[in-house]
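Below is one structure, written out as C-alpha cells; comments come after it.
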Amino acid sequence: MSTAAPAAEPLPAAVDEPAPPVSPQRIRQLDIVRGFAVMGILAMNIVAFAMPFSAYMNPTAYGLESNADLGSWLFSFIFIDGKMRGLFSFLFGASTLLVIERAKASGASPAKVHYARMFWLLVFGLLHFYLIWFGDILAAYAMTGLILFFFRNLSVRALIRWGIALVLVQAPLMGAGAGRMAYLADATAAPNADAALVEELDMMRKGFARPGTEQVAEDMALHRGDWPGLVEHRVTEQGAMPFKNLVFFIWETLAYMLFGMAALKSGFFRGEWPAERYRKWAATCFAIGIPAYLLFAVLLYRDGFTPEGVFLYSLAATTPVRPLMIVGIACLIVLLTRNGGALVDRIAAAGRAAFTNYLGTSILMTTLFYGYGAGLYGSLSRIELWLPVVAIWALMLLWSKPWLDRFRYGPFEWLWRSLSRMRLEPMRRRAGAGGGG
C-alpha cells in the first residue's frame with residue numbers, strides 16, 4: 001500500500017475486486033503502529049508546545065544554540081515532521097473503516113455510528129483547540145471524516161488511486177504558495193513597493209520567519225501569562241484557524257486516510273504480508289524518501305532558512321515524497337514488532353489509548369510550559385526538549401497497559417464512545433474479555 005508500488009512487488013490482481021468485510025476483532029498490529037504514532041507526534045509537537053510557533057518550521061527562529069540542536073532538527077525533519085501526523089492520518093482511515101464494518105456486523109446503521117463519532121470528535125477537537133492548545137488535529141480529522149465515509153466500499157486499488165489524485169492536488173497548491181511567496185519577496189524588495197503586497201508577504205511569512213525581539217517578547221508574555229489570556233487569544237485572534245487550515249490541507253489529510261483504508265483492506269495493517277514484502281517496501285520507500293529529504297535539508301541550510309526557502313523545501317517539495325516515508329516507517333514498525341515482547345505489549349496499549357494519550361499530552365505539556373503551570377516556555381533548546389519527550393513516552397508506556405488490563409477503554413476513549421452512543425458504556429473489563437474497539 002503506497003502511492004507508488006515497487007516494481008518487484010506489484011499489487012495482486014485481486015485488489016480490483018470488492019474487499020471482504022473487515023473482521024470485527026481487535027487488530028493488534030494496528031494498535032502497535034498507533035502507539036508509535038502517538039508517541040512520535042509528541043516528538044514534533046514539543047517544539048510548538050515549548051517555543052514560538054515559527055520554530056516549528058524554521059529551526060533558526062528559536063532554540064538553535066548548538067550543532068546538537070541542528071542535528072535534532074535534521075533528524076526530526078527527515079523522520080518525524082509530517083510523518084507521524086501522516087501515519088496518524090493513515091491509522092484514522094483504517095480505524096474509521098473498522099468502526100463502520102463493526103457497526104454493519106452488529107446490525108447498527110454505519111452512517112449513524114460514523115457521523116455521531118465525527119460530531120463528538122469535532123466537539124473534542126474544538127474544545128482542545130480553544131481551551132488547551134492551538135495545535136489540535138482532531139477537528140480537522142472530524143471534518144475530513146464527514147467525506148471519508150463515502151469511500152468506505154472502494155477496492156484497494158481505487159482507494160490508492162483516489163489518494164494519489166488528492167496528493168497531486170495538494171502538491172501544486174503548496175507549489176503555488178511557494179511561488180507566490182517568492183514573487184512577493186522580489187516585488188517588495190524594490191523601493192516604494194506596493195503596501196498591499198508588503199502586507200501580503202508579511203502575512204505569508206508568519207510561521208516561517210525568525211521573529212524579531214518585540215515579537216518574541218509578546219509571544220513570551222502571552223504563553224507565560226495566565227490561562228484566560230491564552231483562551232482569549234485563541235478565540236479572538238485564532239478563532240477561525242481550525243476551519244481555515246482545513247481548506248488548505250484537507251486534500252492531503254483525506255489522501256492519507258484513504259491510504260489507511262487501503263492498508264487495512266490489503267492486510268498491510270493486520271500484519272498479514274510476508275516479512276519479505278514489508279522489507280522490500282520499506283527499502284524502496286526509504287531509498288527514495290531519505291535522499292530526497294536530505295537534499296531538501298541541504299538546500300534549506302544553504303538558503304539560510306529564509307521564509308521563502310522554508311515554505312518551498314519544508315512544505316511544497318516534501319508533499320509528494322512524504323507518503324513514501326510514512327509507508328516506509330509503517331513497514332519498519334511492523335517488521336520490528338512482529339515477534340512481540342513486553343515493550344511491544346506496552347506500545348500496543350499506548351496505541352489502544354491513543355486518544356487519551358494525545359489529549360493527555362497536551363494537558364501535561366501546556367501545564368509544563370505555560371505560565372499557569374511551570375512556566376518553562378522558551379527556556380529549553382531544541383535538543384533539551386527531548387527530556388520531556390522521553391519522560392512522557394515513559395509515562396504513556398507505564399500507565400496504558402495497567403489501565404487497560406483493568407478497563408476496556410482509556411478515559412477519553414470511553415467518554416467519546418459513550419457520547420457517540422448516547423449511553424454510558426461499560427468501563428470495567430470482564431474477566432477473560434477482549435479489548436474494546
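The values are calculated or read from the model by the stated rules, or taken from the named source; none is laboratory data. The structure displayed is predicted, hence computed values, not measured ones. Methodologically, a virtual Cβ is constructed for each residue, glycine included, from the backbone with ideal geometry; neighbour enumeration extends over all protein chains shown.
At a glance:
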| quantity | calculated |
| --- | --- |
| Test set (1) crowded, with 18+ Cβ neighbours inside 10 Å; (2) part of a helix (DSSP H, G or I) - Tyr377 fails condition number | (2) |
| Any helices (runs of 4 or more DSSP H) falling wholly within the stretch 242-350 and containing at least 1 residues that are aromatic (Phe, Trp, Tyr), touching a Gly at 6+ places or on another chain (Cβ under 6 Å) and in contact (Cβ under 8 Å) with a residue 40 or more places away in the chain | 275-303 |
| Which numbered condition Thr367 misses (of (1) buried (at least 21 other Cβ atoms within 10 Å of the Cβ); (2) of a type in the set (S, T, N, Q); (3) under 28 Å from Gly135 (Cβ atoms)) | (1) |
| Number of the exception - Ile147 against (1) buried (at least 17 other Cβ atoms within 10 Å of the Cβ); (2) farther than 30 Å from Asp219 by Cβ; (3) in contact (Cβ under 8 Å) with a residue 60 or more places away in the chain; (4) among the β-branched types (Val, Ile, Thr) | (1) |
| For Phe248: the one exception among (1) farther than 24 Å from Ile363 by Cβ; (2) hydrophobic (A, V, I, L, M, F, W, C); (3) modelled with pLDDT of 95 or more | (3) |
| Index of the failed condition, Gly271 passing every other in (1) modelled with pLDDT under 95; (2) on the phi < 0 side of the Ramachandran plot; (3) not β-branched (Val, Ile, Thr) | (2) |
| Positions within the stretch 184-222 being within 30 Å of Gly378 (Cα to Cα) and touching a helix residue (DSSP H, G or I) at 6+ places or on another chain (Cβ under 7 Å), in sequence order | Ala185, Glu200, Leu201, Met204, Arg205, Gly207, Phe208, Ala209, Arg210, Pro211, Leu222 |
| Qualifying residue in the stretch 73-95 (condition: part of a loop (DSSP other than H, G, I, E, B) and more than 15 Å from the chain's Cα centre (by Cα)) | no |
| Helices (runs of 4 or more DSSP H) enclosed by the stretch 182-238 - at least 1 residues per element that are within 17 Å of Thr366 (Cα to Cα), under 29 Å from the mean Cα position of the chain (by Cα) and at pLDDT 95 or above | 213-223, 227-237 |
| Criterion: surrounded by fewer than 22 Cβ atoms within 10 Å (Cβ to Cβ) and at pLDDT 95 or above - qualifying residue of Ala105, Ala48, Ala37, Ala7 | Ala48 |
| Some residue of the stretch 386-397 being in contact with a Lys or Arg (Cβ under 9 Å, 6 or more places away or on another chain) and under 23 Å from Arg26 (Cα atoms) | yes |
| Counted residues, the stretch 81-124 - those being among the charged types (D, E, K, R) and touching a Lys or Arg at 6+ places or on another chain (Cβ under 6 Å) | 0 |
| Sole residue being in contact with a Gly (Cβ under 9 Å, 6 or more places away or on another chain), closer than 27 Å to Ala43 by Cβ, of a type in the set (Phe, Trp, Tyr) and not in a loop (DSSP other than H, G, I, E, B), chosen from Tyr115, Tyr130 | Tyr130 |
| Scan of the stretch 198-228 for residues that are surrounded by 15 or more Cβ atoms within 10 Å (Cβ to Cβ) and without any contact (Cβ under 8 Å) to a residue 60 or more places away in the chain, ordered by number | Glu200, Leu201, Leu222 |
| Residues of the stretch 87-127 satisfying the condition of being among the small types (Gly, Ala, Ser) and under 15 Å from Ala354 (Cβ atoms) | Ser89, Gly93, Ala94, Ser95, Gly125 |
| Residue check, Val167 β-branched (Val, Ile, Thr), at pLDDT 95 or above and under 21 Å from Ala317 (Cα atoms) | yes |
| Criterion (closer than 21 Å to Leu159 by Cβ and either crowded, with 16+ Cβ neighbours inside 10 Å or more than 15 Å from the chain's Cα centre (by Cα) (or both)) met by exactly one of Val123, Val113 | Val113 |
| Selection within the stretch 351-373 - touching a Ser or Thr at 6+ places or on another chain (Cβ under 6 Å) and farther than 18 Å from Ile46 by Cα | Ala353 |
| Test: residue in the stretch 393-400 that is under 25 Å from Val123 (Cα atoms) and not in a loop (DSSP other than H, G, I, E, B) | yes |
